[in-house]
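Report on the structure given below.
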Amino acid sequence: MDVWIGLMSGTSMDGIDAVLVSFDDQRLNTHGTHSLPYPDNLRQRLLAACQNQATPDELGELDTLTGLLFAEAANTVIDQSGFARADICAIGSHGQTIRHQPSGPAPFSIQIGNPALIAEQTGIATVADFRRRDMAAGGEGAPLVPAFHQFFFGSPTEDRCILNLGGIANITWLPANQSRPVTGFDTGPANALMDAWCQAQTGRPFDQDGRWADEGVVDQALLNDLLSDAYFDRPAPKSTGKEKFNLSWLKTALKRHPDIQPEDVQRTLLQLTVMSVARQMPQSPTLCIYACGGGTRNTLLMSELKQALSPARLSDTSEIGLDAQWVEPTAFSWLARQTISGKPGNLPAVTGARGPRILGAIYPA
C-alpha cells in the first residue's frame, strides 16, 4: 500500500494538522488524522517572529521547538492509525511559515520546523522545504496546493473552484475544459485579520462561529478603504501572508476612521474577506465552489460568502471526497509523493515559475 503522512501548519499559527493517507491510482484513502495545538506561549512567540520580532537565537530555538512538535504530531497519527512505520513511504512537512516575501530584489520564503528532527524522531524519511525551488525558478513559491487540487478535485464535467479559507485565502480554478489552464492565487486575508483583531480586543484567539462579528455592522467607509489596497487588483501570479495583512496594516487604516466600535471592525474584517474573495472569483455560468480550511467553521463567514458568490454554488470539499479540515495536510503528503517519485509539484501557471520543478529536500530516515 502507498502510504504517506502530511503535516501542515498555516498562517493562522494555531497548531499542526497531521494526516495518514494512502494513494491508489486517482483514489485517496484517509486512515488517520490528528490536530496538535501550539502551546499558547509558543504561538505568541511564532506570531512575534513573523512580524520580524525575533533574534537569530530565537528563530533557531523556534525551529527546534516546532520541529519537535511536528514530529510529535506525526508520531501520534501513526500510533493511532495502527500502521507500522515500515509501511510509510515518507512524511511531507510544510513547516511553519515565518516570513514570505516573494517579490523585491531578493525574494525569499522561510519555513521553520526542523525536518531533520522530524526524520530522526519518527524514523521516517521526511520531505520539506517545498517553496524555495519554485522561487529559485522565478516563481512565487505559493500557492503550492493547486497541483494537488488538480490531481484530486479536477472534474471533466464541472467547472470547479477550490477556496481555501486559512489565515490567508486562496483559490484554485479547475476548468472542466482540460485545454484551459489551472490557475490559482492568494486573494488576501481570510481568518488572519479577524483572528488578530479578536485576540487583541477580547483575548480570544478567534471569533467562534463569527458570533462577535455578528454583534457589529459593516463600516462601509473602512471597508472601501481596506479594499483599495493595491494587492487586491494585482494580476496573478501573486501570494501574500501576515507580512502584509496584519494588525499594523489594519491600525494604519483605523487611524483614518476613528471611533469605530471594536465589534464593527470585526464585522468589517469579515466582509473584507467576503468581498476580496468574491471580486477575484473566476466567472463561469456553471461554477461550483468548494471551500476548505478553518474558515469553513465560521458560520457567519460561510453564510455571507454564499450570498456574495451567488449564483455560483458554495459547498465544502467533503462533498467531493475530502474533509475540509484535512485538504492542506493531505496536499503535502501528495507533494512528498511527487518529490520521492521524481515528479514536479508546482504549476508554473499558478506560481509564475519558469517551468515544472521537483520540489523539496529529502531528509532520509
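Numbers below:
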item: Selection from the range 325-364 of residues that are over 14 Å from residue 148 (Cα atoms), of a type in the set (Gly, Ala, Ser) and in contact with a helix residue (DSSP H, G or I) (Cβ under 6 Å, 6 or more places away or on another chain); result: 353, 355, 360
item: Number of positions in the range 1-43 that are more than 13 Å from the chain's Cα centre (by Cα) and assigned to a strand (DSSP E or B); result: 23
item: The range 171-206, residues that are without any contact (Cβ under 8 Å) to a residue 40 or more places away in the chain and crowded, with 18+ Cβ neighbours inside 10 Å; result: 174
item: Residues that are closer than 28 Å to residue 142 by Cα, among the aromatic types (Phe, Trp, Tyr) and over 19 Å from the mean Cα position of the chain (by Cα), drawn from the range 192-246; result: 197
item: Test: residue in the range 328-350 that is basic (Lys, Arg) and touching a strand residue (DSSP E or B) at 6+ places or on another chain (Cβ under 7 Å); result: yes
item: Answer from 188, 241, 216, 210 - the residue that is within 16 Å of residue 273 (Cβ to Cβ) and modelled with pLDDT under 95; result: 241
item: Within the range 247-264, tally of residues that are part of a loop (DSSP other than H, G, I, E, B) and either of a type outside the set (S, T, N, Q) or at pLDDT below 95 (or both); result: 6
item: Index of the failed condition, residue 319 passing every other in (1) in contact (Cβ under 8 Å) with a residue 40 or more places away in the chain; (2) assigned to a helix (DSSP H, G or I); result: (1)
item: Residue count, the range 207-226 (criterion: without any contact (Cβ under 8 Å) to a residue 60 or more places away in the chain and either assigned to a loop (DSSP other than H, G, I, E, B) or surrounded by 16 or more Cβ atoms within 10 Å (Cβ to Cβ) (or both)); result: 10
item: Filtered residue count, the range 158-199, keeping only those that are touching a Gly at 6+ places or on another chain (Cβ under 7 Å) and in a strand (DSSP E or B); result: 9
item: Test for residue 65: is it of a type outside the set (Phe, Trp, Tyr) and touching a helix residue (DSSP H, G or I) at 6+ places or on another chain (Cβ under 7 Å); result: yes
item: Hey, residue 86 among the small types (Gly, Ala, Ser) and in contact with a Ser or Thr (Cβ under 8 Å, 6 or more places away or on another chain) or not; result: no
item: Every residue from the range 127-157 that is aliphatic (A, V, I, L, M) and out of contact with any Gly (no Cβ under 9 Å at 6 or more places or on another chain); result: 136
item: The range 167-222, residues that are within 15 Å of residue 12 (Cα to Cα) and of a type outside the set (A, V, I, L, M, F, W, C); result: 167, 170, 186, 188, 189, 191, 195, 199, 204, 205, 207, 208
item: Count of residues meeting criterion [surrounded by 15 or more Cβ atoms within 10 Å (Cβ to Cβ), under 22 Å from residue 28 (Cβ atoms) and not aliphatic (A, V, I, L, M)] in the range 336-355; result: 6
item: Selected residue (criterion: nearest to residue 268 (Cα to Cα)) from residues of the range 322-350 that are touching a Lys or Arg at 6+ places or on another chain (Cβ under 9 Å) and not in a helix (DSSP H, G or I); result: 346
item: Enumeration of residues in the range 294-316 that are assigned to a helix (DSSP H, G or I) and acidic (Asp, Glu); result: 304
item: Lone qualifier among 310, 333, 315 - being assigned by TED's automatic domain parsing to the domain that holds residue 163, of a type outside the set (Phe, Trp, Tyr) and surrounded by 15 or more Cβ atoms within 10 Å (Cβ to Cβ); result: 315
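The values are calculated or read from the model by the stated rules, or taken from the named source; none is laboratory data. These numbers were taken from a predicted model, which means no experiment stands behind them. In this analysis, Cβ positions are derived from the backbone assuming ideal geometry, glycine residues included, and neighbour counts consider all displayed protein chains.
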